[in-house]
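Down below is the structure, laid out as structure tokens.
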Amino acid sequence: MPALDESFDEFLKRRESVSLDYINGSPETLIAIPTSYEPATFFPPSGDRISGAAQVNAANEKGASSFKEGSIGHFDVLQSSESGALAFWTGMQHSEVHLQGKDELVQMSLRVTEVFRREDGEWKLVHRHADMPKSDT
């Protein structure tokens, strides 16, 4: 459970932990951090464009079902900042994941930008853009 008015740096550490839950097949902690207010958007690595808070959460829940326990990962934050009620981070998300239907570990690197808004004292995810880089960076 987040502390009200946690700093963005504190939140970003928790956000990385939430990502680990997700790549281990558990969407619950991720579903707790997106906004429940409009607008909300998600541009996943598939190239889709998902709009709407309920639709973003549904996509996150469905996406987590692709992963199995035993996955590891970390964020490589290139820049982050907060100003008032808005904050962002951008960088790389590196993972070694166990996928449903595969026996071997799969290496994944995503370029990520996430935007957050403070709502009722908590940071809430309002936009995520994640895609595959052209080369492993």
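Does residue 42 qualify as being of a type in the set (A, V, I, L, M, F, W, C), within 18 Å of residue 132 (Cα to Cα) and over 12 Å from the mean Cα position of the chain (by Cα)? So residue 42 does not fit the description; no. Of the listed requirements (1) more than 23 Å from residue 133 (Cβ to Cβ); (2) without any contact (Cβ under 8 Å) to a residue 24 or more places away in the chain; (3) not in a helix (DSSP H, G or I), residue 37 misses just one: (2). If the condition is being of a type outside the set (S, T, N, Q), over 24 Å from residue 32 (Cβ atoms) and touching a residue at least 24 places away in the same chain (Cβ under 8 Å), then segment 112-137 contributes 131, 132, 133, 136.
Computed from the coordinates by the stated procedures, all read-outs in this text should not be read as laboratory data. What you see is a predicted model; the values in this text were computed from it and never measured. As a convention, Cβ positions derive from the backbone with ideal geometry for all residues, glycine included, and neighbour counts pool all protein chains shown.
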